[in-house]
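The values are calculated or read from the model by the stated rules, or taken from the named source; none is laboratory data. Everything quoted here is computed from the prediction, not taken from an experiment. Cβ coordinates were reconstructed from backbone atoms using ideal geometry, including for glycine residues, and neighbour counts include every protein chain displayed.
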Amino acid sequence: MTIQDLAAKYDLRLPRYTSYPTAPHFSATVGSETYARWLGELDPATPLSLYTHVAYCDEMCFFCGCHTKVAKRYDPVADYLDALLTEIDLIAGLLPARMGFKFMHFGGGSPTILTAEDFSRLIRHLRDRFTMLDGAEIAVEMDPRTATEDYVKAMADVGVTRASIGVQDFEETVQKAVNRVQPFELVEQVIAWLRKHGIEDINMDLMYGLPHQTTESICRTIDRALALRPRRVSYFGYAHVPWMRSHMKMIPEDALPSVTERWSQYLKGSQRFSDNGYVTVGLDHFAAPDDELALALGNQSLHRNFQGYTTDTAEALIAFGASGIGSLPQGYIGNQGEIGAYKRTVRAGTPPITRGLAVSHEDKVRRAIIERLMCDLGVDLETVAAEYGASADDFESELSRMADLESDGIVIRDGARLRVTDLGRPLVRAVCAKFDQYLNVGEKRHSQAV
């Protein structure tokens with residue numbers, strides 16, 4: 001089957017599988033009381049992962065699928081920070097003891113909308129409530145348009161070890177179409193500041209499928225990005241969901257690439273990374289050969305969470321901020337997304353949980369299967385099932401539904417073992433979907449398969 005045939009046949013909308021079950025299936029059956037109980041049941045020796053969502057930006061990027069709000073004055077940002085600090089105190093107080101963290105991640109929105117002083121204050125506050133364990137990583141997502149050298153120095157001074165630079169595309173026509181104009185020289189300057197102040201682990205975010213992009217133009221962007229020597233690059237496909245994010249209506253739909261062109265951008269772009277010595281990690285990440293992400297792929301210890309592919313092995317991810325999503329051994333929780341309601345709730349002394357999902361034993365088995373497929377592009381069902389007291393025979397129905405994927409050369413089956421082919425890599429989510437008991441394929445809430 002040709003790439004064009006695959007593109008037409010598998011133009012599906014599927015989850016990104018950063019969790020299982022996925023966030024659209026969370027409900028109000030899990031609320032603040034349940035979350036408080038789950039927190040209290042944690043083993044105090046369990047290393048934590050901490051995520052903090054800064055829910056403001058200076059302006060709205062039309063491609064953005066995140067929960068964020070534009071702030072033209074700093075007062076709302078400062079007030080939100082005050083609520084964040086209150087939530088941190090509240091959640092820390094519900095834990096069975098002072099606990100340690102191995103990973104701390106700041107996303108948004110844009111964390112760089114905070115002043116350098118307020119960013120330092122936020123990290124110090126977290127480190128006052130949680131113990132930073134040996135070898136811990138502190139990572140920050142950065143908008144180069146709002147980053148300053150003072151901010152970068154403040155990051156270094158409080159222990160930040162990794163920065164993730166939002167680039168998306170370097171072509172001016174594309175940048176104007178998505179309302180994110182940032183010259184190459186600006187990104188180059190921010191990266192120079194990071195290295196000057198000792199932050200060497202630099203990630204870069206690029207996107208394909210944006211308006212006015214072509215295969216040739218995205219390859220030019222990749223070449224310029226790699227000239228800056230990032231340690232990791234994420235290469236995401238733009239998900240056009242204007243029925244969910246109204247600002248996406250500002251993107252001219254007639255300028256979006258066709259399904260076939262999206263495939264070409266993905267495949268040629270991915271090859272560009274490989275040709276430059278980067279290791280392909282899972283579906284859409286690329287890493288330097290000696291980066292921890294590439295090493296984890298090699299020894300099959302790679303994981304996947306709400307931040308994408310990761311070396312984070314923490315069983316408990318605690319999320320702070322409006323719309324933050326956390327994961328505990330007992331299940332998932334989602335914070336209030338509306339900023340005003342979020343602030344009122346935490347100031348009333350209540351965890352701002354509006355939805356969640358308690359995972360069943362079967363959910364855990366299927367989650368493990370899907371994670372191995374997403375990370376290793378293969379899974380031994382017998383081995384994974386046995387870890388949970390189950391059997392590969394429990395998944396005969398799912399395996400029988402692999403026939404089309406097998407005949408199309410996307411997956412190879414050997415008994416209870418599945419291996420996604422190089423041709424099938426872009427469609428690994430279609431393989432995972434066969435094990436998803438919650439999925440209604442094609443729902444508009446999900447992104448395109450490629």
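What do you reckon, is GLY389 under 20 Å from ASN305 (Cα atoms), modelled with pLDDT of 95 or more, out of contact with any Phe, Trp or Tyr (no Cβ under 9 Å at 6 or more places or on another chain) and small (Gly, Ala, Ser)? Write out each step before concluding.
Working: under 20 Å from ASN305 (Cα atoms): no; modelled with pLDDT of 95 or more: yes; out of contact with any Phe, Trp or Tyr (no Cβ under 9 Å at 6 or more places or on another chain): yes; small (Gly, Ala, Ser): yes.
Considered against the rule, which asks whether it is under 20 Å from ASN305 (Cα atoms), modelled with pLDDT of 95 or more, out of contact with any Phe, Trp or Tyr (no Cβ under 9 Å at 6 or more places or on another chain) and small (Gly, Ala, Ser), GLY389 comes out as no.
Are any residues in region 26-36 under 22 Å from the mean Cα position of the chain (by Cα) and surrounded by fewer than 17 Cβ atoms within 10 Å (Cβ to Cβ), and if so, which ones?
Looking only at region 26-36, we keep the residues that are under 22 Å from the mean Cα position of the chain (by Cα), and these are 26-27.
Selection gives SER27 alone.
Exactly one condition in (1) within 22 Å of the chain's Cα centre (by Cα); (2) closer than 29 Å to ARG73 by Cβ; (3) buried (at least 18 other Cβ atoms within 10 Å of the Cβ) is false for THR146; which is it?
Going through (1) within 22 Å of the chain's Cα centre (by Cα); (2) closer than 29 Å to ARG73 by Cβ; (3) buried (at least 18 other Cβ atoms within 10 Å of the Cβ) one by one, THR146 breaks only (3).
Being exposed (fewer than 15 other Cβ atoms within 10 Å of the Cβ) and either in contact with a strand residue (DSSP E or B) (Cβ under 8 Å, 6 or more places away or on another chain) or not assigned by TED's automatic domain parsing to the domain that holds GLY378 (or both) is true for just one of GLN265, GLN271. Which residue is that?
Numbers: GLN265 fails: exposed (fewer than 15 other Cβ atoms within 10 Å of the Cβ).
So the residue among GLN265, GLN271 that is exposed (fewer than 15 other Cβ atoms within 10 Å of the Cβ) and either in contact with a strand residue (DSSP E or B) (Cβ under 8 Å, 6 or more places away or on another chain) or not assigned by TED's automatic domain parsing to the domain that holds GLY378 (or both) is GLN271.
Can you report the number of residues in region 172-201 which are part of a loop (DSSP other than H, G, I, E, B) and within 24 Å of the chain's Cα centre (by Cα)? Before you say what the answer is, go through the steps one by one.
Narrowing region 172-201 to residues part of a loop (DSSP other than H, G, I, E, B): 178-183, 197-200.
Filter once more, keeping what is within 24 Å of the chain's Cα centre (by Cα): 178-182, 199-200.
Number satisfying all stated conditions: 7.
Return yes or no: is MET244 outside any loop (DSSP other than H, G, I, E, B), within 25 Å of SER110 (Cβ to Cβ), over 17 Å from the mean Cα position of the chain (by Cα) and in the same structural domain as ASP89 (by TED's automatic domain parsing)? Lay out the reasoning, then the answer.
Details: outside any loop (DSSP other than H, G, I, E, B): no; within 25 Å of SER110 (Cβ to Cβ): yes; over 17 Å from the mean Cα position of the chain (by Cα): yes; in the same structural domain as ASP89 (by TED's automatic domain parsing): yes.
Spelling it out, it is not the case that MET244 is outside any loop (DSSP other than H, G, I, E, B), within 25 Å of SER110 (Cβ to Cβ), over 17 Å from the mean Cα position of the chain (by Cα) and in the same structural domain as ASP89 (by TED's automatic domain parsing).
Let me confirm something: among ALA71, ALA45, ALA36, ALA83, which residue is within 27 Å of TRP243 (Cα to Cα) and either at pLDDT below 95 or not basic (Lys, Arg) (or both)?
On the way: ALA45 fails: within 27 Å of TRP243 (Cα to Cα); ALA36 fails: within 27 Å of TRP243 (Cα to Cα); ALA83 fails: within 27 Å of TRP243 (Cα to Cα).
Exactly one of ALA71, ALA45, ALA36, ALA83 is within 27 Å of TRP243 (Cα to Cα) and either at pLDDT below 95 or not basic (Lys, Arg) (or both), namely ALA71.
Tally up the residues in region 102-131 that are in contact with a helix residue (DSSP H, G or I) (Cβ under 9 Å, 6 or more places away or on another chain) and in a strand (DSSP E or B), please.
2
Just to be sure, is PHE63 under 24 Å from ASN203 (Cβ atoms), in contact (Cβ under 8 Å) with a residue 60 or more places away in the chain and of a type outside the set (A, V, I, L, M)?
Numbers: under 24 Å from ASN203 (Cβ atoms): yes; in contact (Cβ under 8 Å) with a residue 60 or more places away in the chain: yes; of a type outside the set (A, V, I, L, M): yes.
Considered against the rule, which asks whether it is under 24 Å from ASN203 (Cβ atoms), in contact (Cβ under 8 Å) with a residue 60 or more places away in the chain and of a type outside the set (A, V, I, L, M), PHE63 comes out as yes.
Quick check on my filter: what residues within region 211-241 are crowded, with 20+ Cβ neighbours inside 10 Å, among the small types (Gly, Ala, Ser) and assigned to a helix (DSSP H, G or I)?
Selection gives ALA225 alone.
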